[in-house]
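Input: one structure, supplied below.
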Amino acid sequence: MIIRLGQGILALIVGTILVFGLARLTGNPLDLMLPETATPEQRQQMAEYLGLDKPIYQQYFVFIGNAAKGDFGRSLFFYRPVTQIIFERLPATLELGGTAMLFSMLVAIPVGVYAAVKREKWQDSILKVFAIFGQSVPSFWLGIMLILVFAVSLRWLPAGGYGRFDEHLILPALTVSTFSIAGFLRLTRSAMLDTLSTDYVRLARIKGLKERYVIWKHGLRNALIPVITFTGFVLVNAFMGSVIVEAVFAWPGIGQLSYQALLWRDFPLIQGILVFSVALFVLVNLAIDILYVYLDPRVRFTRD
Amino acid sequence: MKDLETMGGPRGDSDTKMEVSDALKTTRKKKGKRMGFGWRFYLPALILAAFVLVAIFADFIAPHNPVKNHLADSLTPPFWQEGAKAEYLLGTDQMGRDILSRLIYGARTSLIVAALGVFLTGIVGTILGVLAGYKGGWVDAVISRAIDVIQGFPLFLVALVLAIVLGASLFNIILIITIMFWVGYARQARAETLQIRESAYVELARIAGCRDFTIAVRHVIPNLLNSIIVIATLGVGSVILLESGLSFLGAGIPPPTPSWGSMCADGRSILTTAWWVSFLPGVAIMAVVLSGNLLGDWLRDKLDPKLRDL
Amino acid sequence: MAGSKDDILLRVTGLKTYFFVRRGTVKAVDGVNFYIKRGEVLGIVGESACGKSVTGLSLLRLVPDPPGKIVGGHIFLEGEDLLLKSEEEMRKLRGSKITMIQQNPDSSLNPVFRIGNQVAEAISLHQELKDKALHNKVVEILGLVNIPSPEARMRDYPHQMSGGMRQRVAGAIALSCQANLLIADEPTTNLDVTTQAEYLKLLEEVQKVTGCAIIFITHDFGIVSKICTRVAVMYAGKIVEAGPTIDIMQKPRHPYTFALLDSVPKLGSRGTLLRTIEGQPPEPVDLPPSCAFAVRCPMAKDRCFKENPEEVRIDDNHYVSCFHVE
């Protein structure tokens, strides 16, 4: 446990260095903010104001110091604290990502179980193809096509924009889910296939347990263990938002924010977002490790 | 229990006994090793082959210059719609550029990116993975940490950042792909190397005095090849999706080189009137990615079913 | 045939279980006949892949399908043909009439559930017990299989127990089913010798308590000699010899049986070469219609390579499938 925490922190530190470096590399915001006619003195003033005139390593330490306090500085273009901006956009992203994730799991896991049970039969084959399709579709194209069909031709749904948990959510959520449904489906199916061929599942049948219980109680319970790791991955993506999908649907979330920040070379904002994502990754992984302990007794008692 | 040795029992005469080895041949029908090339192989393989050919012979196949504007003929629909023109089989975009030609040249772009991307990533990833697995110690520690850290970053976002940082160009895209995707190969290579390292013949080689490098090349790598090939084939899809995603946002292959991703982006504004401009490139992307995935799936079933979960 | 028809619990005739795989058709069980009386212990002996485990699974109709299928024969349990039953009927029989202990103690218990839970599940399927009564029953049964401090161990997970203990839990589960027929599929193969001996003793006690019949599948004639009253020797999917253990071990009539017994290392044979049987058991794929053992048989004649020997009755209970016995 402690080791994992330590690893996480190490990753975090390395991550922040990388992030810092990357953000700096995106270019000089001064060039974007000031008109070409700006005098060197004006540039110097601006640089001082933004803290960009100090040597790089000093900037880094300032960055880290503040970051530890949760202060990522002010966005160069919004003139507001980065942290505030990120958290403002978070709900929209969560709404989209969270819904998509839940939807994916609710659909894909039972279907995956079904595919495993109907192994090698036609239902399974179709579902397998389905899953491969799902992982082969470019998300931006899917989004555009969905807009074309449902918003432009049929006019059932809006073409983009945001509304709290209403019809605006449907198309983007569908787009985001496609990939993860396919992923969950394949994973569940494969995990179930493994589980269903074990001796203990056979034991359940030997006892005379109803097949339904065999599959769901003995089979799925064990199959979920690898599925959970994948959930972590999806969860992180849910938080971070999909830059592409948010761009296609004009969804005001973190994904869109990231893109804007990049275009504007908004260092503090870019850094903030990247560090946020790394921290998220570490946290989610820790959460999953904890969940593992609960799910898999073998992990629980490794100190025995 | 009576002592079995003192007991008499059936003892045969060997006159009529056939040579054991001959007899074994008759009881065991020769198993022909069929690779089993079913439609699951041919369909994706042919599609990919077709795209490769198109990419190679683009100059001969494309009816028009992909970057030439025929403004007078802009927004012509594809052949199955009304108002189509024979010379522009799949229609034109708002600048009057022939979609078919752009798709053809786009294939060249995508496939070059995919091929080089996968190739380089595979090499870098495999080498690092084998190093980590074989040498262990601090080499392994460093590489494993790197893997962990890189995994922690949201793939697309970082790719985007890098794309903007480095600027949009073919070379940079491939570089970015290598940076993002080497992890997958490294992980697999490392895991397998760890296993192989413990095997008997590697022990023997080491005892015999083989240098590490020789062992790695002669023994470790050939065993890795199966899974690496599977990962590589499956990787084609991911690479193309990443590249087209970046191009869609304008951070990928810069114009005027046609890229399927940027073609989709071009068509966004005229979606209502000229839907085919966005639709067709996406179909192309899907066709290639799908074929890559199907082929990778088939390969995995043949070569290394253990990778099922990837 | 000795004994009246009434105390025959299970009679199997012509059982064929084939596996249809890419390489061809694997005839894992190819025309097998045997019977077992109530309270009897029958051993099924053979090398790996001779079909003995599949035979056990076939009795329960738990052969993995695909790729396996029972393609022929009859399994008469108390007079009724199991192969004619529906899946639901079969499910009801499993546990209550027939049960099985599997080979590998490491994988045969579900790792995410406590063992008390797993035993309770078996009990509640066949007896109407709840809560306190159920709890007590679990403790009682765990005690019967000699698991120390059952109340405490109930809350353990399988990985917290040793292999021997896990097999006992498997035995407890089998006990709770109160079946008439217990199929023990090499339950001691993965245990060390001392634990083996203890487990065998346990099985004997279980048998005394419940009066169930046991089909003991093993590759070890030593074990057979200890607890099996009758034994059937299997090779390449067929039973080549069957009869009372004592008879077979003293006077094996089939060359394979003889070779098997001969190859067991004996105390006092220091310095002599271990006797082995030349060759390998055949791949049970697409076997030709000859005696499967002919290839390795020191007594093989022309006929052995052309035809399959029929069962020949030697004594009351002793059957052999070999041309040399006629």
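Which of the residues spanning the stretch C:72-91 are under 21 Å from the mean Cα position of the chain (by Cα) and farther than 20 Å from C:Ile36 by Cα?
Listed by number, the list holds a single entry, C:Arg91.
For the stretch B:246-264, enumerate the residues that are within 19 Å of B:Lys68 (Cα to Cα) and more than 8 Å from chain A (Cβ to nearest Cβ).
B:Ile253, B:Pro254, B:Pro255, B:Pro256, B:Thr257, B:Pro258, B:Ser259, B:Trp260, B:Ser262, B:Met263, listed by residue number.
Restricting attention to the stretch B:252-282, report how many residues are surrounded by fewer than 24 Cβ atoms within 10 Å (Cβ to Cβ) and of a type in the set (Ser, Thr, Tyr).
4
Could you tell me whether any residue of the stretch B:212-222 is touching a residue at least 60 places away in the same chain (Cβ under 8 Å), in a helix (DSSP H, G or I) and at the interface with chain A (Cβ under 8 Å from one of its Cβ atoms)?
No, the stretch B:212-222 has no match at all.
Another question, then. Please enumerate the residues belonging to the stretch C:226-262 that are more than 23 Å from C:Arg38 (Cβ to Cβ) and basic (Lys, Arg).
Passing the criteria: C:Lys238, C:Lys251, C:Arg253.
Now for a different question. Return a yes/no flag: does the stretch A:240-248 have any residue that is assigned to a loop (DSSP other than H, G, I, E, B), under 30 Å from A:Leu96 (Cα atoms) and of a type outside the set (Gly, Ala, Ser).
No, the stretch A:240-248 has no match at all.
So, in the stretch A:249-258, of the ones that are more than 7 Å from chain B (Cβ to nearest Cβ) and either part of a helix (DSSP H, G or I) or of a type in the set (S, T, N, Q) (or both), which residue ends up surrounded by the most Cβ atoms within 10 Å (Cβ to Cβ)?
A:Ile254
Kindly indicate whether B:Ala163 is among the hydrophobic types (A, V, I, L, M, F, W, C), crowded, with 22+ Cβ neighbours inside 10 Å, closer than 20 Å to A:Ser139 by Cβ and at pLDDT 80 or above.
Yes: the conditions hold for B:Ala163.
Here is a yes/no grid of residues against (1) within 14 Å of chain B (Cβ to nearest Cβ); (2) at pLDDT below 70; (3) surrounded by fewer than 14 Cβ atoms within 10 Å (Cβ to Cβ); (4) touching a Gly at 6+ places or on another chain (Cβ under 6 Å):
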{"position": "A:Leu34", "(1), (2), (3), (4)": "no, yes, no, no"}
{"position": "A:Pro40", "(1), (2), (3), (4)": "no, no, yes, no"}
{"position": "A:Gln59", "(1), (2), (3), (4)": "no, no, no, no"}
{"position": "A:Gly73", "(1), (2), (3), (4)": "no, yes, no, no"}
{"position": "A:Ala100", "(1), (2), (3), (4)": "no, no, no, no"}
{"position": "A:Pro110", "(1), (2), (3), (4)": "no, no, no, no"}
{"position": "A:Lys121", "(1), (2), (3), (4)": "no, no, yes, no"}
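Only one of these is part of a loop (DSSP other than H, G, I, E, B) and either over 30 Å from C:Asp106 (Cα atoms) or in contact with a helix residue (DSSP H, G or I) (Cβ under 9 Å, 6 or more places away or on another chain) (or both): A:Val137, A:Val201, A:Val129, A:Val152. Name it.
A:Val137
Within the stretch A:263-284, can you find the residues that are under 25 Å from B:Ile147 (Cα atoms) and at the interface with chain B (Cβ under 8 Å from one of its Cβ atoms)?
Matches in the stretch A:263-284: A:Ile270, A:Ile273, A:Leu274, A:Ser277, A:Val278, A:Phe281, A:Val282.
If you don't mind, another one. So if I check each of B:Val230, B:Val283, which one is within 9 Å of chain A (Cβ to nearest Cβ), among the aliphatic types (A, V, I, L, M) and more than 25 Å from A:Tyr259 (Cα to Cα)?
B:Val283
Any chance the stretch A:208-222 includes a residue that's within 14 Å of chain C (Cβ to nearest Cβ) and acidic (Asp, Glu)?
The answer is yes; a qualifying residue exists.
State whether the residues of the stretch C:259-272 include one that is surrounded by fewer than 17 Cβ atoms within 10 Å (Cβ to Cβ) and either at positive phi or at pLDDT 85 or above (or both).
Within the stretch C:259-272 (the criterion being surrounded by fewer than 17 Cβ atoms within 10 Å (Cβ to Cβ) and either at positive phi or at pLDDT 85 or above (or both)), the answer is yes, since at least one residue qualifies.
A further question follows. Give me the residue from the stretch C:4-36 that is small (Gly, Ala, Ser) and assigned to a strand (DSSP E or B) and, out of that set, farthest from C:Asn180 (Cα to Cα).
Looking at residues that are small (Gly, Ala, Ser) and assigned to a strand (DSSP E or B), I get C:Gly24.
Restricting attention to the stretch C:291-306, and to residues there that are within 8 Å of chain B (Cβ to nearest Cβ) and assigned to a loop (DSSP other than H, G, I, E, B), which single residue is surrounded by the fewest Cβ atoms within 10 Å (Cβ to Cβ)?
Within the stretch C:291-306, the match that is surrounded by the fewest Cβ atoms within 10 Å (Cβ to Cβ) is C:Pro298.
Next question. Restricting to the stretch B:193-202, name every residue that is surrounded by fewer than 22 Cβ atoms within 10 Å (Cβ to Cβ) and assigned to a helix (DSSP H, G or I).
If the condition is that a residue be surrounded by fewer than 22 Cβ atoms within 10 Å (Cβ to Cβ) and assigned to a helix (DSSP H, G or I), then B:Leu194, B:Gln195, B:Ile196, B:Arg197, B:Ala200, B:Tyr201, B:Val202 are the ones that fit.
The values are calculated or read from the model by the stated rules, or taken from the named source; none is laboratory data. None of these values were measured; they are calculated from a predicted model. Note that each Cβ is placed from the backbone with ideal geometry, even for glycine, and that neighbours are counted across all protein chains shown.
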